[in-house]
1. Would you be able to say whether some residue in region 55-68 is assigned to a strand (DSSP E or B) and at pLDDT 90 or above?
2. For region 105-132, enumerate the residues that are under 25 Å from Pro174 (Cα atoms) and polar (S, T, N, Q).
3. Assess whether Leu19 counts as being modelled with pLDDT under 90 and surrounded by 12 or more Cβ atoms within 10 Å (Cβ to Cβ).
4. Under 17 Å from the mean Cα position of the chain (by Cα), among the small types (Gly, Ala, Ser), over 19 Å from Asp188 (Cβ atoms) and surrounded by 13 or more Cβ atoms within 10 Å (Cβ to Cβ): is that true of Ala92 in this structure?
5. Check whether at least one residue in region 154-168 is surrounded by fewer than 17 Cβ atoms within 10 Å (Cβ to Cβ) and hydrophobic (A, V, I, L, M, F, W, C), and report yes or no.
6. So, in region 109-137, exactly how many residues are surrounded by 16 or more Cβ atoms within 10 Å (Cβ to Cβ), out of contact with any Asp or Glu (no Cβ under 9 Å at 6 or more places or on another chain) and outside any helix (DSSP H, G or I)?
7. Looking only at region 87-137, count every residue that is of a type in the set (S, T, N, Q) and farther than 22 Å from Arg196 by Cβ and tell me the total.
8. Which condition does Ile81 not pass, out of (1) touching a residue at least 40 places away in the same chain (Cβ under 8 Å); (2) part of a helix (DSSP H, G or I), if it passes all the others?
Amino acid sequence: MDGSSWAEPIPAVKSKADLAYESLRSAIAQGNLRPGERINMEELARSFGVSKIPIREAVKRLEADGLLVSRVHAGVTVAGIDVREMRGVFLAREVIEALIAGLAVQRVDDRQLAELHGIQQEMRDLLEQGDTAEMAELNSRFHRVLAEAAGYRILRDLTEQLLLTIRRYRITAPLGERNWRSVVDEHDTIMAALHRRDPRAAAAAARAHIGSQAAHEVEDEAEDGG
């Protein structure tokens, strides 16, 4: 059926449910809502100044994202972090980040390279100041720019989802300054491959970067817990 005779442009305005979803998702990502914390929808509706309907819609989307869990008698809570599942997240990142880096070599432009260098410099400056509070966001930005340079929306979406999971995990098990220095050094190796336009080296550097972080974070955590 041809809809051109009846379809009208949809205003580019976010709904209350969209805004509630983004606000809750950001709160979960930043650790303002921590794993296991209960979500009071009536209280949220009052705080946002909306009815419970958009809050319920936002909660359903966040449940589908795996960020919230609804249980009988327990209500809605922020999903917990499973170390075993985190191993799977890092394994997925190894493959996806290697693919992204290999593609980015062929497509990255001067603006993106400049942005990546700027992020790296900001991370180094913070480390020199002994301030790691903003490192997680800068790290996420670095990987978002790489995913953008790769040129596929699905890879950007997967990157965003995996980065969110990693950030939630790091709220409960934050990285130390020594580990952040390793992250910056590993980023430098990826950058060098980008400048050489060497897709094989870029993919290998990205895979090694994620593997190194998995060894620091997931394996160490498993050993501590077992």
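The values are calculated or read from the model by the stated rules, or taken from the named source; none is laboratory data. Keep in mind the model is a prediction, meaning the values are calculated, not measured. Cβ atoms come from the backbone with ideal geometry, glycine included; neighbour counts cover every protein chain shown.
1. For region 55-68, residues assigned to a strand (DSSP E or B) and at pLDDT 90 or above: present.
2. Result: Gln120, Gln121, Gln129, Thr132.
3. yes
4. It is true that Ala92 is under 17 Å from the mean Cα position of the chain (by Cα), among the small types (Gly, Ala, Ser), over 19 Å from Asp188 (Cβ atoms) and surrounded by 13 or more Cβ atoms within 10 Å (Cβ to Cβ).
5. Yes, there is a match, as at least one residue in region 154-168 is surrounded by fewer than 17 Cβ atoms within 10 Å (Cβ to Cβ) and hydrophobic (A, V, I, L, M, F, W, C).
6. Total meeting the criteria: 0.
7. The qualifying residues number 2.
8. Ile81 satisfies every listed condition except (2).
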